[in-house]
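What follows is one structure encoded as structure tokens, with my remarks underneath.
The values are calculated or read from the model by the stated rules, or taken from the named source; none is laboratory data. The structure presented is a predicted model; accordingly, all values stated were derived computationally and were not measured. As a convention, Cβ positions derive from the backbone with ideal geometry for all residues, glycine included, and neighbour counts pool all protein chains shown. We work out accessible area using only protein heavy atoms, side chains counted, and drop any ligands, DNA or RNA first. Shrake-Rupley method; radii C 1.70, N 1.55, O 1.52, S 1.80 Å.
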Amino acid sequence: MNGQQLDTLRPTLIVRNGSSDQTGARSYEFQIATSDSFATAIVTKTGVPEDPGGRTSFTAEQDLQPNVQLYWRARMTQGSTTSNWSPAASFATKTQGYLQGAELYDPLTNGSTVGQTHGAVTFIPGVGARLESFTSYISYQLPQTLTEGEFSVIATNLLADTAGDKTKLFSMAQGYADIVTNARRMTVEKRGNPPGTIAWRFITSGDQIETFSDAERFTRNFQTSKTYFWQATWRGGQFRVRIHENGPTGPQIYDFGKPYSGIYNPTPHVIYVGAPVGRSGVTAASVPGVIIRQVWVSASPRPTFANR
């Protein structure tokens, strides 16, 4: 096992049996750590008896932390002799979402969501959640309001020319009132008319900013074969939307924002992948057919594990 993404929090580590010129029973020691220096091991298991079948294994006895990369190694003991440690190998623990405080992480690649699905939402293992129609979306209610932070997702199967007009890729609101007239509306749109149009609106306690007219509603030639990272940030009195091609570290293809006054303080703070149908009608709800994965909403920077 080296570099694998696991679907478990209790991995089984396997080594080939060693050899020595000593007599007596052989046993093995396994270590798991957060870095390949093994300065602090989080698991140390000694005295694992050798399996006569030629390979000896150890299964973690307690759940490891999800969404992290860990390192492991092993060594053999026989009599008074202990071998060198094996070369360090790595693995990534099970991808698992959570909703706690003012932070949300939902991979959507593991066949489920920590939110609630509405309409036709199809989970594609390892790929994400496909919003099948205008009325498909996922909702989350944050336990605490996030007054400053970011909302970011990775989108695939995104076409420039989709049906609908003011279709929304993701959004936020105060409670579950109409998203269009909501007192704390935040919507990021990928429109189909003109194809690939990007638009957004953000409302705080003291301001409303948005993209006005065609001069601020830029278009991009989105293609279903490509991956796009979408990020909205609101902090320090500046709201901004950025889009990168080929993931979070790929080329930036969109970057536009505006200053705002007041506080973004929805209570309760509701998060949407897509958007529910509002006053503007069905064709102004979610972008149909888009596949979303790795949803991140937090005051903290997006972590590496959310970029897969």
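Among the residues of region 29-44, how many are aliphatic (A, V, I, L, M) and open to solvent by 20 Å² or more (accessible area, probe 1.4 Å)?
Residues meeting the conditions: 4.
Within region 133-142, can one find any residue that is open to solvent by 50 Å² or more (accessible area, probe 1.4 Å) and either outside any loop (DSSP other than H, G, I, E, B) or without any contact (Cβ under 8 Å) to a residue 40 or more places away in the chain (or both)?
yes
Those residues that are within 20 Å of residue 280 (Cβ to Cβ) and open to solvent by 50 Å² or more (accessible area, probe 1.4 Å), I need them from region 110-131; list them, please.
Hits for region 110-131 are 118, 119.
Are any residues in region 83-109 open to solvent by 60 Å² or more (accessible area, probe 1.4 Å) and more than 30 Å from residue 17 (Cβ to Cβ), and if so, which ones?
Correct list: 96, 100.
Working only within region 185-212, note down all residues that are touching a residue at least 24 places away in the same chain (Cβ under 8 Å) and open to solvent by 40 Å² or more (accessible area, probe 1.4 Å).
193, 194, 195, 205, 206, 207
Mind listing whichever residues of region 193-241 are among the small types (Gly, Ala, Ser) and touching a helix residue (DSSP H, G or I) at 6+ places or on another chain (Cβ under 9 Å)?
Residue satisfying the conditions is 199 alone.
Can you find even one residue in region 5-13 that is more than 24 Å from the chain's Cα centre (by Cα) and either open to solvent by 30 Å² or more (accessible area, probe 1.4 Å) or within 30 Å of residue 293 (Cα to Cα) (or both)?
yes
If I go through region 215-258 residue by residue, how many of them are assigned to a strand (DSSP E or B), open to solvent by 60 Å² or more (accessible area, probe 1.4 Å) and in contact (Cβ under 8 Å) with a residue 40 or more places away in the chain?
Total satisfying the criteria: 2.
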